[in-house]
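The values are calculated or read from the model by the stated rules, or taken from the named source; none is laboratory data. The structure displayed is predicted, hence computed values, not measured ones. Backbone-built Cβ (ideal geometry, glycine too); neighbour counts: all protein chains shown.
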Amino acid sequence: MAKPNKKGPTKTVDIFCQSCKAQLYKYRKGGKGALVKCFVERISQDYTQTPCQCPNCQQVFARETLIRGVAAYKMIGGKVFFK
């Protein structure tokens, strides 16, 4: 399997916690589909203190995993939204 593009897309989206609306990441997302995973190398700004945990309400919103040999966060359905 091919690795994701290092440079990635130029369009950034803001990712927020669904329960408390706190901002979690600024992420370079490609495509117009749902947010299923976040490749760690594409996160441009990280507002969390511990990985995959909301800094405000301490809710776990993702799981750390390897996708195509690259570190990524797999989002739990309904825990985050993006604009």
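Somewhere in the range 31-46, is a residue of a type in the set (D, E, K, R), in contact with a Phe, Trp or Tyr (Cβ under 7 Å, 6 or more places away or on another chain) and within 15 Å of Gly78 (Cα to Cα)? Even if it seems obvious, please write down each step before you answer.
Our first condition is that a residue be of a type in the set (D, E, K, R); within the range 31-46, this holds for 32, 37, 41-42, 46.
Narrowing further to those that are in contact with a Phe, Trp or Tyr (Cβ under 7 Å, 6 or more places away or on another chain): 37, 42, 46.
Subsequent filtering for residues that are within 15 Å of Gly78 (Cα to Cα) retains 37.
Yes, the conditions are met somewhere in the range 31-46.
Do we find that Tyr25 is aromatic (Phe, Trp, Tyr) and free of Cβ contacts under 8 Å to residues at least 24 places away in the same chain in this structure? Steps first, answer last, please.
Numbers: aromatic (Phe, Trp, Tyr): yes; free of Cβ contacts under 8 Å to residues at least 24 places away in the same chain: yes.
So Tyr25 fits the description; yes.
Starting from the range 40-66, take each residue that is farther than 20 Å from Thr12 by Cα and list its partners that are assigned to a strand (DSSP E or B) and acidic (Asp, Glu), counting only C-beta distances under 7 angstrom and pairs at least six apart or across chains.
Cβ pairs passing all conditions: none.
Could you check the range 66-83 and list, in sequence order, the residues that are at pLDDT below 95 and either aromatic (Phe, Trp, Tyr) or in contact with a His (Cβ under 8 Å, 6 or more places away or on another chain) (or both)?
Once the filter is applied, which keeps residues that are at pLDDT below 95 and either aromatic (Phe, Trp, Tyr) or in contact with a His (Cβ under 8 Å, 6 or more places away or on another chain) (or both), the range 66-83 yields nothing.
If you go through the range 32-79 one residue at a time, how many are β-branched (Val, Ile, Thr) and under 9 Å from the mean Cα position of the chain (by Cα)? Break it down into steps so the answer makes sense when it comes.
Initial filter on the range 32-79 (β-branched (Val, Ile, Thr)): 36, 40, 43, 48, 50, 60, 65, 67, 70, 76.
With the extra rule that they be under 9 Å from the mean Cα position of the chain (by Cα), the set shrinks to 36, 40, 43.
Number satisfying all stated conditions: 3.
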